[in-house]
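One structure is given here, and the rest of the page talks about it.
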Amino acid sequence: MPTTKTVPISKDGPSARQQELLERAYAYSLTHGLADLSLRPLATAIGSSPRVLLFLFDSKDGLIRALLARARADELDLLRRIQDQHDVPPGLDVVARELWTWMSAAERRPLMTFWVEAYGRSLVAPEGPWADFARSTVDDWLELLKATQPDPDAVQSAARRTGVLAMLRGALIDLLATGDLERTTAALEGYLAD
């Protein structure tokens, strides 16, 4: 009877095989989404098996949580890169424009679609693997935007960054629905000019 080789999960983090399959599953989910994720087609597409995925991620929900964490890592990396580009806070409007340029780029549409899907699922299935994704995302982005303001603790500063975040999210959802970059960019610019 042949034995199957298992990949141990280290207490220090994911194994090389787990990380490799996570990256492949992440690439797959960017084009196929998560709403109807089925382990069999995913496993076939990434060169694995449902059994291996279940072993490495404990469950389908565990895999979804890992994929959401991977998406959030991309988001946090963007936030860090924007912060690192400036020696002094560049201002809320400058950062909002940089975020929009990054978010609206054609090559990021699959990632942004994935993000919107995960955000929405977090709201309608708050107890599932999506739990807290939307809130964590809002907290991350508001924290970045706060760091760009000269008086971040003022009431009007909190309202302004909340408005900018809402405008970015709304323009993104509109862009993904319509593909109209010119109109959505003009709307964002109009908001920032006020």
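The values are calculated or read from the model by the stated rules, or taken from the named source; none is laboratory data. These numbers were taken from a predicted model, which means no experiment stands behind them. When we count neighbours, we look across all protein chains shown, and the Cβ atoms used for this are built from the backbone with ideal geometry, even at glycine. Accessible surface areas use protein heavy atoms only, side chains included; no ligands, DNA or RNA. Shrake-Rupley method; radii C 1.70, N 1.55, O 1.52, S 1.80 Å.
Structure summary
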{"item": "Excluding exposed DSSP-loop trypsin sites (Lys or Arg not before Pro) (at most 15 other C-beta within 10 Å), longest clean stretch of the chain", "result": "12-194"}
{"item": "Percent accessible area from carbon and sulfur atoms, the stretch 59-141, protein chains only, probe 1.4 Å", "result": "53 percent"}
{"item": "Length-normalised contact order of the chain in % [C-alpha pairs under 8 Å, at least 6 apart]", "result": "19 percent"}
{"item": "Inter-probe distance in nm under a simple model that places probes 7 Å from Cα toward Cβ, at VAL88 and ALA186", "result": "3.5 nm"}
{"item": "Heavy-atom accessible area order for GLU127, GLU107, largest first, 1.4 Å probe", "result": "GLU127, GLU107"}
{"item": "Calculated SAXS-style log₁₀ I(q)/I(0) at q = 0.14, 0.15 Å⁻¹ - the chain, Debye, Cα scatterers", "result": "-0.87, -0.96"}
{"item": "Dipole of the chain, positive end: most advanced residue of VAL52, VAL164, ALA69 [Cβ charges, Cα centre]", "result": "VAL52"}
{"item": "³J(HN,Hα) computed for each position of the stretch 26-40 - Karplus, 6.51 cos²θ - 1.76 cosθ + 1.60, integer Hz, glycine/proline x", "result": "5, 4, 4, 5, 5, 9, 10, x, 10, 3, 10, 4, 10, 5, 4"}
{"item": "Alpha-carbon spread of the stretch 82-187, three principal axes, descending order, Å", "result": "37, 35, 24"}
{"item": "J(HN,Hα) series, the stretch 58-63, from Karplus relation 6.51 cos²θ - 1.76 cosθ + 1.60, nearest Hz, glycine and proline x", "result": "6, 6, 4, 4, x, 5"}
